[in-house]
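The next block holds one structure in the form of C-alpha cells; read it before the comments.
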C-alpha cells in the first residue's frame with residue numbers, strides 16, 4: 001500500500017473477504033493512494049464529494065470518478081491494483097469484496113446483477129451509475145459519525161450492508177432493457193438536466209409541467225424517466241436532496257435552524273423541522289448537539 005498521509009486514508013476489515021477503504025482528502029492538493037488487489041475481488045468506488053481518477057498502465061489509461069457517481073470494476077482474468085488520484089477537498093469510499101463473498105450476499109438475486117449472471121460469469125466487467133439520494137445519505141453517514149471507537153466497526157458494517165442493498169436493488173419496472181425510452185442518450189441527458197435544474201432551484205423548484213417543458217419532454221416521460229434513472233419520483237428525490245443538504249449545512253455550524261430552513265425552501269421552520277425529523281428521526285436542534 002502506498003499512502004504517506006495516515007489521516008487521508010483509512011481501511012478496515014468488515015469481515016473475511018470484505019474490506020472498506022475511506023479516502024478523505026481535506027487538503028487543497030491532489031493526493032494518491034495505491035493498493036495491490038488480486039483478481040478475486042470486485043471493486044466498488046463511490047465518490048461522495050469532489051472527484052478522482054483511477055490510473056492504469058503507468059498513466060496510459062485513466063477512469064474518472066466524479067461527485068455522486070460510482071464505478072464497479074471486476075476482472076477475473078488478471079489482478080487489478082488500485083492506483084487512485086484524488087483531488088483536493090474530495091471523498092471517495094471503496095469496498096473490496098471477493099466474488100465468493102459477493103455471491104453469498106446475492107445468490108438469490110444473481111439474475112438481476114449482470115456481472116454475476118450465469119452468462120457473464122468469469123468475464124471482466126466495468127460499469128458506473130449515479131448515486132441515488134438515499135445512497136448519498138448512507139455514504140455521508142459513513143464519513144460523519146461520532147461513536148465510541150469500539151462501536152465504529154459495527155456501525156460501518158451495518159451502513160455498508162445498507163449501502164449495498166440500496167445500490168443493487170432492482171425492481172422489474174426499473175430495468176432499462178425494458179424501457180426503450182432510456183436507450184436514447186438524448187432522453188437520458190434531458191432527465192439529468194431536469195435533475196440539475198431542481199437541485200439548482202431547490203428552494204423554489206419549478207412545477208413538473210414547467211420542468212418537462214424546459215427539458216423538452218412530455219410530463220409522463222419526465223416522470224417515467226426520472227423514476228427509472230434515479231429510483232425516485234422527482235418530489236421524493238428533491239426532498240431527500242434537501243434534507244441531506246440541510247444536514248450538511250447544519251454540520252458546518254455556520255447557519256441556525258431558521259436560516260437552513262429558508263435556504264432549502266421551507267416557508268416555516270416548523271415544516272422544515274417536521275420533515276427533518278421524519279427523515280432522520282431527530283430534530284435539527286438535537287442533531288446539532290451531536291455534531
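Key figures
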{"read-out": "Boolean, residue 111 is surrounded by 17 or more Cβ atoms within 10 Å (Cβ to Cβ), over 19 Å from the mean Cα position of the chain (by Cα) and either modelled with pLDDT under 90 or within 19 Å of residue 166 (Cβ to Cβ) (or both)", "value": "no"}
{"read-out": "Residue among 267, 220, 258 that is assigned to a helix (DSSP H, G or I) and farther than 26 Å from residue 186 by Cα", "value": "258"}
{"read-out": "Matching option when the condition is over 21 Å from residue 138 (Cα atoms) and either touching a strand residue (DSSP E or B) at 6+ places or on another chain (Cβ under 7 Å) or touching a residue at least 60 places away in the same chain (Cβ under 8 Å) (or both), among 203, 212", "value": "203"}
{"read-out": "Unmet requirement for residue 195, which otherwise passes all of (1) touching a residue at least 40 places away in the same chain (Cβ under 8 Å); (2) over 24 Å from residue 263 (Cβ atoms)", "value": "(2)"}
{"read-out": "Counted residues, the stretch 192-217 - those being at pLDDT 90 or above, part of a helix (DSSP H, G or I) and surrounded by 14 or more Cβ atoms within 10 Å (Cβ to Cβ)", "value": "12"}
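Matching residues to (1) touching a residue at least 60 places away in the same chain (Cβ under 8 Å); (2) within 15 Å of residue 137 (Cβ to Cβ):
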site	(1), (2)
234	no, no
237	yes, yes
244	yes, yes
256	no, no
262	no, no
269	no, no
281	no, yes
284	no, no
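Table: residues versus (1) surrounded by fewer than 20 Cβ atoms within 10 Å (Cβ to Cβ); (2) within 30 Å of residue 244 (Cα to Cα); (3) not assigned by TED's automatic domain parsing to the domain that holds residue 158.
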{"position": "14", "(1), (2), (3)": "yes, yes, no"}
{"position": "38", "(1), (2), (3)": "yes, no, no"}
{"position": "50", "(1), (2), (3)": "yes, yes, no"}
{"position": "66", "(1), (2), (3)": "yes, yes, no"}
{"position": "75", "(1), (2), (3)": "yes, no, no"}
{"position": "79", "(1), (2), (3)": "yes, no, no"}
{"position": "90", "(1), (2), (3)": "no, yes, no"}
{"position": "100", "(1), (2), (3)": "yes, no, no"}
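The values are calculated or read from the model by the stated rules, or taken from the named source; none is laboratory data. All values reported here derive from a predicted model rather than from experimental measurement. All Cβ positions, glycine included, derive from the backbone under ideal geometry; neighbour counts span all protein chains shown.
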